[in-house]
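Supplied in structure tokens, the structure appears directly below.
All of the numbers you see were taken from the coordinates with simple rules; none came from a lab. Source: prediction; values computed, not measured. Here the Cβ positions follow ideal geometry from the backbone for every residue, glycine too, while neighbour counts run over all protein chains shown.
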Amino acid sequence: MSSTAEILIVGGGIIGMLTARELALSGCQVTLLERQQTGRESSWAGGGIISPLYPWRYDDAVTALAGWSQQHYRQLSESLKEETGEDPEWTQNGLLMMQVEDQTEAQNWAAAHRVSLQILTADDVAACEPLLGSPSPAVWMKDVAQIRNPYLAVALVASLRRLGVNVVEDMPVLSLLSRDGRVRGVKTAQGEISAGQVILAGGAWSGELMAELKTDIELQPVKGQMILFKAKPGWLQRIVLQGDRYLIPRRDGHVLMGSTLEYTQFDKSTTEVALEELQQAAFELVPGLKDYPVVKQWAGLRPGTPHGIPYILEHPGIEGLYLNAGHFRNGVVLGPASARLMADIVLKRETIIPSDSYKLLAIH
Ligand SMILES: Cc1cc2nc3c(=O)[nH]c(=O)nc-3n(C[C@H](O)[C@H](O)[C@H](O)COP(=O)(O)OP(=O)(O)OC[C@H]3O[C@@H](n4cnc5c(N)ncnc54)[C@H](O)[C@@H]3O)c2cc1C
């Protein structure tokens, strides 16, 4: 096989698919290559909280992307539902963060970024979320929403097909092709595909394809395990976070408990230890969960970067080669803004936010 595409995107997670959608909506001819099925890796495994956890602890570069996405998520979800009939279930049920030590930093950050954030007493917390085992003072962000990320992925691929994007599944990209400082396309198991522009959005695997390009990219897989309870719709109301553990109630009564943070390379197996730890943490937060079964356990590989700031840039030494990867724990919330910023860079438009913070990549 030998063929040609205008813009090639490698990787069909939400970052690749959102980027493809932005470019297709701008009139570009896009081909997306996914080595297995779209939206089945980290983008499927994630929790779908549309906010970083403890957002004030992040760099402004993350806050800027998150803020833009948060303003556009509801509209995105509604448009996808209208276009495709698939509902990503954008739901604004707020984020309740328990036992937060740096409340003053949280308040200062919220004031500076005009974000709604309140400090609640233990009594307030008990009144608003009566299922909690030990209500304590908490930080409450009422505007935080969630999305059902597997549904988002299904809606996105349907939207791409409607927009005329050539989505090719079961098509692993083996290497990137470049010559004389320009990208030429990619090599797949079924032959070469030439393209004037190639965007690498391979999540945790992006580093493997970048390895031969001698950049200082710092990207590694970070495993996260989750468990799923089947409770009743409307039972737990809010997203609840304590330490590194959170509960996310879905509309249909499922409650996710996440997540572990494990540096175990590309191992995606689930473990008994994580199951027990997550179950224990869930029971401590909401004792009533003991009455409901755990119906699923899974793991996904986050594309981890040292500060959680994604790479969104054109390769400094290879014209036409772009990278949109490294969203670590926040690819769902940062996705729409990252995709739009990537499209702005590719199409040489004015960017939605300054792009310098996402260009921290040098060649050796
Ligand atoms: C347990 C867990 C909980 C999370 N919770 C949240 C949350 O609540 N909120 C939030 O914002 N984020 C969350 N995240 C993070 C978020 O899921 C990720 O940051 C995001 O999904 C990354 O998207 P991606 O498209 O870059 O990567 P992926 O979804 O991993 O997609 C990359 C795709 O590229 C494909 N690919 C790789 N190499 C090749 C190749 N050579 N050729 C062709 N295709 C290739 C892969 O098959 C894959 O489909 C969570 C993650 C985990 C694991």
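Assuming a strict under-18 Å limit between Cα atoms, what lysine pair count do you get for the chain once near-sequence pairs (fewer than 8 apart, same chain) are dropped?
Lysine pairs meeting the criterion: 9.
A further question follows. For the stretch 49-149, state which GluC sites (Glu not before Pro) are in a DSSP loop and have at most 16 other beta carbons lying within 10 Å of their beta carbon. Let's see the in-between values first.
On the way: sites: 78, 82, 83, 86, 89, 101, 105; in loops: 86, 89, 101.
Those satisfying the criteria are 101.
In addition: Which percent of Cα pairs goes in each bin when the distances of the stretch 220-304 are cut into 5 angstrom slices starting at zero?
Here the calculated profile for the stretch 220-304 is 3, 16, 27, 23, 16, 10, 4, 1.
Helix by helix through the chain, keep the DSSP H runs that span 27 Å or more along the axis on Cα and average at least -1.0 on Kyte-Doolittle, and give those back in order. All intermediate terms of the calculation are to be shown ahead of the outcome.
Working: long enough: 60-84 (34 Å, -0.86).
Qualifying helices, which must be both long enough and hydrophobic enough, are 60-84.
Moving on. Whole-Hz Karplus ³J(HN,Hα) for the stretch 259-265, in order, using 6.51 cos²θ - 1.76 cosθ + 1.60 and θ = phi - 60°, x for Gly and Pro?
Listing the rounded values in order: 8, 8, 10, 10, 9, 10, 6 Hz.
Now for a different question. Which longest uninterrupted range of the chain lacks any trypsin sites (Lys or Arg not before Pro) assigned by DSSP to a loop state (not H, G, I, E or B) and surrounded by at most 10 other Cβ atoms within 10 Å?
Working: sites that count: 114, 348.
Counting only loop sites that pass the neighbour cut-off, the longest clear stretch is 115-347.
Ok, one more. Give me the extension gain from residue 136 to residue 57: residue separation times 0.36 nm, minus the current Cα-Cα distance, reported in nm with one decimal.
Working: separation 79, 0.36 × 79 = 28.44 nm, distance 2.08 nm.
Here the segment from residue 136 to residue 57 would lengthen by 26.4 nm.
Once you sort the root eigenvalues of the Cα gyration tensor of the stretch 95-142 as a ≥ b ≥ c, which label holds: rounded (a/c under 1.5), prolate (a/b larger than b/c) or oblate (the other case)?
On the way: a/c = 3.02, a/b = 1.99, b/c = 1.52.
It is prolate, given that a/c is not under 1.5 and a/b is the larger ratio.
Determine the gain in length on full extension of the stretch residue 273-residue 124; use 0.36 nm per residue of separation and subtract their C-alpha separation, reporting nm with one decimal. Don't skip to the answer; put the middle values down first.
On the way: separation 149, 0.36 × 149 = 53.64 nm, distance 3.41 nm.
So the chain would gain 50.2 nm between residue 273 and residue 124.
Further, regarding this structure: Name the long-range amide H neighbours of residue 302: under 5 Å, sequence gap of 5 or more, or other chain; modelled H, no Pro or chain starts.
Amide H neighbours of residue 302, under 5 Å, 5+ apart: 222, 223, 224.
In the neighborhood of residue 45, defined by Cβ-to-Cβ distances under 10 Å, what is the net charge if each Lys or Arg adds +1 and each Asp or Glu adds -1?
Result for the neighbourhood of residue 45: +3.
Report the net charge of residues surrounding residue 22, where surrounding means a beta-carbon distance below 13 angstrom and charges are Lys +1, Arg +1, Asp -1, Glu -1.
On the way: positive: 21, 340, 349; negative: 344.
Residues close to residue 22 contribute a combined charge of +2.
Here's something else I'd like to know. Just add up the charged neighbours of residue 235: K/R +1, D/E -1, any other residue whose Cβ is under 15 Å from the Cβ of residue 235. Write out the running numbers ahead of the final one.
Details: positive: 230, 232, 238, 250, 251, 290; negative: 129, 252, 291.
In short, +3.
Can I ask one more? Explain nothing, just the number: relative contact order of the stretch 1-87, from Cα pairs under 8 Å at least 6 residues apart, as a whole percent. Spell out each step's value before the answer.
Values: 64 pairs, mean separation 19.2, N = 87.
Once divided by the residue count of the stretch 1-87, the mean separation gives 22 percent.
Determine the relative contact order of the stretch 220-304: mean sequence separation of Cα pairs under 8 Å and six or more apart, normalised by residue count, in whole percent. Could you put the intermediate results ahead of the total?
On the way: 171 pairs, mean separation 38.4, N = 85.
Contact order relative to length: 45 percent.
When the gyration tensor of the chain is built from Cα positions, what are the square roots of 5 times its three eigenvalues, in whole Å, from largest to smallest? Don't skip to the answer; put the middle values down first.
Values: eigenvalues 259, 88, 73 Å².
After scaling each eigenvalue by five and taking roots: 36, 21, 19 Å.
Now for a separate question. How many nm is it between the label spots at residue 101 and residue 3, if each spot is 7 Å from the Cα in line with the beta carbon?
5.5
Rounded to whole Å, give me the distance from the Cα center of the stretch 217-276 to that of the stretch 49-75.
20
A further question follows. Mind listing the phi-derived Karplus ³J(HN,Hα) values for the stretch 127-143, rounded to whole Hz, using 6.51, -1.76 and 1.60 with θ = phi - 60°, and x for any glycine or proline?
So the Karplus estimates, Gly and Pro as x, are 6, 7, 9, x, 7, 5, x, 10, x, 9, x, 8, 9, 10, 10, 5, 7 Hz.
Quick check: pseudo-label points 7 Å beyond the Cα along Cα→Cβ at residue 211 and residue 359, how many nm apart are they?
With each label placed 7 Å out from Cα toward Cβ, I get 2.9 nm.
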